[in-house]
Structure formats: C-alpha cells, structure tokens
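K.L.:
Have a look at the structure that comes next, please.
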Protein chains: 2
Amino acid sequence: MNDIDIVMQNAANAFKKYALLTPAAKAGFLNEIAVQIENDRASLVKVANEESNLPLPRLNGELTRTTNQLKLFANLIKEGSWVEAAIDLADVQRTPPKPDTRKMLLPVGPVVVFGASNFPFAFSTAGGDTASALASGSTVVVKGHSAHAETSGKMFDAIKKAIVISGVPEYTVQHVLGSGSTVGKALVQHAETTGVGFTGSLSGGMALWKLANERERPIPVFAEMSSINPVVFLPDTLEKNAETLAKTYAASITLGMGQFCTNPGLLLAVKSKGLDDFLSLLGKEIAAVIPQKMLHKAIQESFARGLNEALAQKGIQKIGQSVQQPGEGEAYPTVASVSGKDFLQNPHLREEVFGPYSLAIICDSKAQLIEALTALKGQLTTTIMATDDDITAHGDIIHLQQTLAGRIILNDVPTGVEVCASMVHGGPFPATTDARYTSVGTTAIKRWVRPICFQGFKDDMLPDALKDNNPLNIWRIVNGEWKKNNI
Amino acid sequence: MNDIDIVMQNAANAFKKYALLTPAAKAGFLNEIAVQIENDRASLVKVANEESNLPLPRLNGELTRTTNQLKLFANLIKEGSWVEAAIDLADVQRTPPKPDTRKMLLPVGPVVVFGASNFPFAFSTAGGDTASALASGSTVVVKGHSAHAETSGKMFDAIKKAIVISGVPEYTVQHVLGSGSTVGKALVQHAETTGVGFTGSLSGGMALWKLANERERPIPVFAEMSSINPVVFLPDTLEKNAETLAKTYAASITLGMGQFCTNPGLLLAVKSKGLDDFLSLLGKEIAAVIPQKMLHKAIQESFARGLNEALAQKGIQKIGQSVQQPGEGEAYPTVASVSGKDFLQNPHLREEVFGPYSLAIICDSKAQLIEALTALKGQLTTTIMATDDDITAHGDIIHLQQTLAGRIILNDVPTGVEVCASMVHGGPFPATTDARYTSVGTTAIKRWVRPICFQGFKDDMLPDALKDNNPLNIWRIVNGEWKKNNI
C-alpha cells in the first residue's frame, strides 16, 4: 500500500466507528475542535498572516467565523431534524398490505476536503467542508493548501488534540500535503473516497470533477469555482445615490484585495447622467485604494496577467486605478468600462479576473442590459441596486437575475456570506459543479449523505431517528404530517 | 430551427409562465391529468396490454398507481412545506449588521423524461418523473418509449386535455417519439434542457449521463439503471420456514416475468440442511411457473442471451426451470446456484440478467457470505430474511447491507415499491447515477429544483413561501427553529 492507500483505508475504518457515534458525541467533538482552535488563536493568526499576507484583523475575524461554524454544526446535529426523517406506518388492512417504511439521511463514507488559498481558516483544514462532513458522520481527509501549509498543519494539530480529548477514532480526520496533480488526484481516485469538497479555480475544480466522473464508481465533487457576481445598478438609485454607491462598491471590489469568490466583478447599467457620475466617483475611490500583497505569488501573477488581458480587449476604458504603483506581489486595484455592444461581442469579458478588478458594462438600453445578463454563465451571486421606484419599474430584471445565481441580493454588496440555515453559497455551472447544494450554511451537510429506507424493521433495529418513541425528539414526517411526538 | 429546437424552445417559454403559477393551480393541473387518464382507463389498458404483453390486472393496478402518484404530488404541493423554506431575520445591532436572508427550492427549467419499457404507465409519459417535475414547477418533454408508442401517445392525449381544461401553458408538457441515439441525444444535449429522468438499462443510462456531462453546461441525469437486489437468507429462518420462503421467493422472482428493477436476482446463504431444503423447494416452485411473453422482442432476446451466458459460467448448477418450454417472445423462468468461491472469482455473476432469473450463492461460511456482499456494486434494494434469533446473531450483516442499497428490507420481498414520503427508489452507483435522490415517492420532486437565497428583499418582492405572514401556511425554519406561524 502506498501512503494514500493507508490514509484512505484508515479513513474508511474510522468511518465504521465514527458514523455510529451519537449526535451528542459528534457535536462534542466539533465543539472541542473549536475550543482547541481558540486556545491557539494568537499563534494560528500569526502564522496565517505570514503565509497568506492577509491582515490580522481579517484573520482574527475569519478564525471566529471558523469556530462559530463548528459550533453551528454541533448545534444542528444536537437538534437533529436535519436527517429528514420520514415514517409511513404499515397498514395490514390494505390490499396489498402496506409495509412500514422509514427513511433518513445517513453518511456515505470518507470525504476529501481541499483547502482553499483565499480562506486559510474558514474554507480550509477545519473550515466549512470539514465541519459539515464531520457533522454528517463522515470522516475527513484534508489536502492542505501549499500556500498556507504551516497554518494547515497547526489547524490539524488543534483537531488532533480534539480527537484525543473527545475520544473519537484516531483517524476521524487526517491531513496530507502535496501537489494537486499527484496527491490530490490519488485522493479523488481512491476507491474508499465517497465525496470531495473544493473551493478554488475553474481549471482545478473541473480537473477534480472529471477525475471523479471517470472512476469505476463516480463520486460527487462539490467544487465552487468561478463567479463574476454581476451587479445591476438601476437608474433612479444611480441618480440619487451615486456617491454612496461609489464608496460602497469601491470598498467591496477591493475588500481583501478582491480575493473573494463573491467579489463584484461586473457592474451593469443603462447609460445616464447618474451612471456617469457614479463611474467617475468610483474611479476616484479606486484610485485612493493602496495596493496590498495578494495571497501568494501565483495568484498575484495570475491577476496581473488577467488584468492586462482584460484591459487590452476591444473598447475597454480604464476608469480608475490605484495612484500608487503596486510593489512586488501586490495587486493593482482597477476599474474599467466597456459598451454593452462590445461586451456582448466578446465572451472573454465574461471570465473571472480573481482580484481587485471590476468591469462596468454601459448599456445603450434596458433591452441591451437584459441581453447582457442573459449572456452570462451561472454565478454564485447577483445583486440589484435599486430604489422603490426602480423595483416597481424593473421587476423583469430582478426576476431574470433569479435564474443566474444561488443568491440574489437587494441593495447590499455580495461580499460577505452569512453562515446560517438560509444561506446559499452555490449556483449554476460554472459557479459550482452542482447548483443543488451550498458550501456555506447548515444545509452544506446535505452534500455528504444519502437517504436510506428501512422497510419492515423492528423498532430496536432502527436508527434512533426512526424509532417509535422519537428518542432524539426531532421533527419527522409521519404519515405525511410534520410531527415531533411519539408514534 | 430543427424539431427538437422548437420543442425545447416551447418548453423554455412555457416554463417562464408555468413556474409562476400558484401551487394550487399546479395541483389542479396534476389532478386533472389523473381525471383524464381515469376517463380513458379501459382504452389505455387495452392498448398497453397489446403493446407490452403485460396482463390486464397488472396494467389496471399500474394505472391506478399512476393516477395516485399524480394526486400525491398535487397534495404535496398544496401542503407546500417541501420547498424547505428557511428564514434568518436581520440583526442591525450586530457588528457587522446581519442581513435578512431567505431560502427556498425553486424549479430550474425544462426537464426531459424518458419513458420506461417495463412500466408503460407508472414510469412513462405521465409517470413519476413527469408528475414530480410538473409538481416542482418544471415543464416536461417526454420521449415516449418505442415499445409502447401508442400507449404513450394516448397518455399524452389525456395530458393535453388536462392542459386545456386547467388553462396551463400549451407547451407545459410535450411528447416526442424517435430513437434514443438521435432524438434522445438531441434532447439531452439541448441548451434549454436542465435535467433528465430515465429508467432503463445500464448502457442507456450511462450514455445519457455521459452526454450530459460533456455539455458546455453539464446537467444532472437521474438514471435508474441496474440492480440485482441481493437477498440474504439467515440460517434459523431457512431451518424453520423453508417452504414459505420458497413459495414467496418463487413468486417474487417471476412476478411480471421478472421485469422489475427490484427483482431479487441474487439469493445468498451459508450452506445448511435448511438451505438445501429451501433451494430444492424453490426449484420445484419455479418449475411450476408458466412462461409468459416478455415486454418486447429486444428484452426477450436480451434475457435469453443473458440467461445462456449466466448458465454457462463455471460452477453454475441449474436448480429449477419451468417445465414448459417457452414459446416465441416468452421468458424461461430459471433459478440456478453457485458456490461462494466460484461467485467471488467471477465478476460476470454480479451483473443483472433482466427477467425471471435468480442465482443462489451457497457460501461456505458467514465470512464468505460477508465477502460476497462486500464484492457487490451499488443496489436499489437489499433484503434480509431472518427470525429474531437470526437478527440477534447477525447484526453485522444487516449493518453491512445498509452500505449497499437505497432500501433495506426485513422479511419481505423487494418487488413492490410503495409510493410515499419515506420511500427510496435509488441507490449507490450503478443502481443509479445519483444515490442522493429517489425516483419514487414525494422526495422525487427534489431532483428538479435548486435552492435560491434572497438577501435583503422587501416582503412584497419575495415568493409567497418566504413572505412574513406565511400566506401558504407552510413549515419553515425561522432563525433556526421549525415554525408555521407568521413572523
């Protein structure tokens, strides 16, 4: 057996025991990981800062988000209703007799989680994918991101302490490092792997997805890959709020040097005096943004290349760029504009440029704006900036935007993804490989499970969630009705 | 535009209107389809009998199942809680302020449904795929099965009447005929198609799945393809109930000439006097089964070929076969046995032979039985026949079986699939392309939707399911708690 074989076999053996632990035991483990991370906060944030160039306040906030996420999933499984228990009781009088059937969601097996470079805590080693998978009852193998390998190792140390203290199986979580094209590939191809979580580039996500589909037994890959998060600015709000909009969007475009999946990369509007004012103010705001170091060298090089390519396209006009030249490894905050006509003729302009860059599409008419929206591929988010009068006049645009993305936002910025039951951080291809799931929020747990129906089982053979006396006190659909009581 | 272009464009245009109808209007349409089918029952059953060779009582039962299914989905959407509404209210006091986010499941677009030859009513033109897709708000293009083209056309006539009476858009459901490799392929590849439902062969399902994954924008294919539905017979029940078991299983193996996805194709047990008695009695029961015509020529030829191949494998012993030679187009009911050792050495014996054939695996030991179960691919069902003493002694086997299939059955036959909330007609690959979904029961609706999050929306802009005053009176998760009241 090679190393990956050993790791995946350990994960499979640990799964047999871990999956059977009570929800309370799994919740205790998740909470203990949060405690151990919190205990090592200062050191974790310091190392992550050195590895990722992300500022300390951001990293402190992200670490809090990460431990909150673990606690959220602990609470979710302690409450327990997420398993979608459904019970249909037998009816022996019926012809033919109706059997007793009971269904719930159960974990499938070991999950492989790829760390994301842009979130060294929240989407990496002990991030949302790992937390949701552990909550479901899966065991996890983390492929740490090479750009923050030490941070990843330290996070795993915290998890290891929690494993010992909680008494869950030793190999409930494992950590490996190495290249995506060798170690990553071997993990996705391994027979014991049952699912994959990934946040990163379109090329990286698609490579994993293809590997998973070429397996003898295909497995789901939940890859969050690419989004330019179009924002529509309607005329009345542009006329009335140009200055506020410019400040708000300059901040959103350059937040964390634009290194968010939800960065607003495309601003769409119909030409007007208000739009002119907004773009002029936005250009000035962007000019005042100081270049900062990006996450790592490859991302900075990719951004510089993408920016140059984008600015070289036909009809592109620079409308604002940092007055300070970027130093080594730094991004060059930039906003440009293009006519609706040129945008529609150039599919290249619909591709993501990951970093602090945004392109404003100046449309001739509302019809052209609708055409531009329709030409877009699937997105994580789409936003509408509008007054009440705008909303009344342009309901058709708002409705169209619902077909584009997993989240549609009114009068706010897309950056910032709340971790809660109602969040959808997902969307139609190529934003993700599977628009039916989210990678943020409690329903992220649904990625790692499948429904199983037990027919004619005796009560003491059933999982607790399906027993007559409802020992977990969860919501269940009993004979078609939502109930929390005994049967 | 070619014909398929026109059909799919019609479906996409109809979707824009149909998806916006109230749940009550969609439910009315589903119920009206049921009424129209019922009105034409005698004629439908007659034509289906001529085309499929299935007997009249079976077809009458299947038609009732089909109309019940339509009514079940009508009730599901009238009740409304299936949309998984989740609401997290804003908290402006928090730093940073928490936005108002609200999520629900919404339909994606036109769905293509392939009729299944073995269920001319329940899994075809107005069957479960169509009913669940229409309930979700999707429009549907049915590719009727050539083996029952007239039945399919007549079913579509009933749907057309319901379209007119209910006043839903004309192209809410459309019907096409033609070969899978041309018409079917074009439907799956069309840019407006957003999902595919299929029940049939492994090769057919995999071909559609590959086409869907090769699209510029991949779409989900829910293909239910292949299952041999292993049944484990434990020693105590074999010793005590050999005669009953033989009668029960001879009936299940030959029900509908074995043309069910859930036909028990594999019988596993450890060698014993009880097993000898059971197999001897089973052989006698099978010998008494009269050959019947199969669904169509290609299926009969495929069964004859598969049976000959299976019986020619090393170590196979025939233990029972109909005493009556089959006539033209008829199946030859057969049961054979093989040692656990020969079974483990021959992967060919794990493949489905679609028809009235079952293979008994005679294992040397419990360890070998577990090895045989472990060697199996994913299944729709797996069954355990056991006394209470067996259950106490062999919990490990029962637990192992949960990893194999979508439904695990105790002391019953796998044939017979109840249409209800707790049913799972699905399972790990290659039983289906996606173990996370079922094609039978109310949750089949989840195949045609994706979650959308509305952030910061005003109440009157939200879908009814997410409005403050809960006008649909549905169950929702509000700030993490299940509630049915207003906000």
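Rule-based calculations on the coordinates, nothing more; no lab input. What you see is a predicted model; the values in this text were computed from it and never measured. Cβ placement follows ideal geometry from the backbone for every residue including glycine, while neighbour counts extend to all protein chains displayed.
K.L.:
List nothing, just return the count: lysine pairs in the stretch B:271-413, 8 or more apart or interchain, with Cα separation under 16 Å.
P.N.:
For the stretch B:271-413, the number of qualifying lysine pairs is 6.
K.L.:
Here's another thing I want to ask about it. How crowded by other chains is B:429-436, given as the mean number of beta carbons from other chains within 10 Å of each beta carbon?
P.N.:
Counting Cβ atoms of other protein chains within 10 Å of each residue's Cβ and averaging gives 4.
K.L.:
Just want to confirm a number: the relative contact order over chain A, from Cα pairs under 8 angstrom separated by 6+ residues, in percent.
P.N.:
Taking the mean separation of contacting Cα pairs over the length of chain A, I get 17 percent.
K.L.:
Now a separate question. Rg over Rh of chain B, using C-alpha atoms and the Kirkwood radius, what does it come to?
P.N.:
1.02
K.L.:
Let me ask another. Any idea what angle helix A:23-39 forms with the longest principal axis of chain A, computed on alpha-carbon atoms, 0 to 90 degrees, nearest 10?
P.N.:
So the inclination is approximately 50 degrees.
K.L.:
A follow-up question, please. Please report the antiparallel percentage of the DSSP beta bridges confined to chain B, to the nearest 5.
P.N.:
Bridges in chain B are about 35 percent antiparallel.
K.L.:
Given the rotation that superposes chain A on chain B, what residue of A brings its beta carbon nearest the axis, and what is the distance in Å?
P.N.:
A:N213, 3
K.L.:
How tilted is helix B:3-18 with respect to the longest principal axis of chain B? Cα atoms for both, answer in degrees (0 to 90, nearest 10).
P.N.:
For helix B:3-18, the angle is close to 60 degrees.
K.L.:
Could you tell me whether the stretch B:132-190 comes out rounded, prolate or oblate from its Cα gyration tensor? Rule is a ≥ b ≥ c as square roots of the eigenvalues, rounded for a/c under 1.5, then prolate if a/b exceeds b/c, otherwise oblate.
P.N.:
Taking the square roots of the gyration eigenvalues as a ≥ b ≥ c, the stretch B:132-190 is oblate.
K.L.:
Sticking with this one: Going through the stretch A:154-253, which GluC sites (Glu not before Pro) have at most 11 other Cβ atoms within 10 Å and a DSSP loop state?
P.N.:
Within the stretch A:154-253, the qualifying GluC sites (Glu not before Pro) (loop, at most 11 other Cβ atoms within 10 Å) are A:E216.
K.L.:
Now, a different point. Tell me the distances, shortest first, between B:N473 and the same position across the other copies, using label points 7 Å along Cα→Cβ, in nm to one decimal.
P.N.:
Copy-to-copy label distances at B:N473, shortest first: 2.8 nm.
K.L.:
Assign one of three labels to the protein assembly as shown, namely rounded, prolate or oblate, based on the Cα gyration tensor with a ≥ b ≥ c the square roots of its eigenvalues; rounded applies when a/c is under 1.5, prolate when it is not and a/b is larger than b/c, and oblate otherwise.
P.N.:
prolate
K.L.:
With the label 7 angstrom out along Cα to Cβ, how close does B:D5 come to the same site in each of the other copies, in nm, nearest first?
P.N.:
Shortest to longest, the spacings are 5.4 nm.
K.L.:
So for the pair B:E481, B:Q324, with labels modelled 7 Å out along Cα→Cβ, what separation do we get in nm?
P.N.:
Going by the 7 Å Cα→Cβ label model, 6.6 nm.
K.L.:
May I ask you to report, in nm to one decimal and beginning with the shortest, the distances from B:E371 to the same position in the other copies, taking label points 7 Å along Cα-to-Cβ?
P.N.:
Ordered by distance, the counterparts are at 6.9 nm.
K.L.:
Subtract the Cα-Cα distance of A:V35 and A:E351 from 0.36 nm times their separation in residues, and report this length gain in nm to one decimal.
P.N.:
Using 0.36 nm per residue and subtracting the Cα-Cα distance, I get 109.7 nm.
K.L.:
Still on this structure, please answer the following. Would you work out the charge dipole size for the stretch B:1-76 about its Cα centre, treating the Cβ of every Lys and Arg as +1 and the Cβ of every Asp and Glu as -1, and quote it to the nearest 20 debye?
P.N.:
Taking the Cα centre of the stretch B:1-76 as origin, the dipole is about 340 debye.
K.L.:
Can you give me the angle between helix A:273-287 and the longest principal axis of chain A, using Cα atoms only, in degrees from 0 to 90, rounded to the nearest 10?
P.N.:
80 degrees
K.L.:
Check each of the GluC sites (Glu not before Pro) in the stretch A:285-393 and keep only those in coil by DSSP with at most 13 other C-beta atoms within 10 angstrom; list them in order.
P.N.:
A:E328
K.L.:
Using only alpha-carbon positions, what ratio does the radius of gyration of the stretch A:153-225 give when scaled by 2.2 N^0.38 Å?
P.N.:
Here the Cα radius of gyration is 1.26 times the empirical estimate.
K.L.:
Oh, and also: If you take each beta carbon of peptide B:120-133 and count the beta carbons of other chains within 10 angstrom, what is the mean?
P.N.:
Mean shielding by partner chains, rounded to a whole number: 0.
K.L.:
Separate question: For the stretch A:77-144 and the stretch A:415-449, what is the centre-to-centre distance using only Cα atoms, to the nearest Å?
P.N.:
Between the Cα centre of the stretch A:77-144 and that of the stretch A:415-449, the gap is 14 Å.
K.L.:
In peptide A:442-451, what is the residue-averaged number of other protein chain Cβ atoms found within 10 Å of each Cβ?
P.N.:
4
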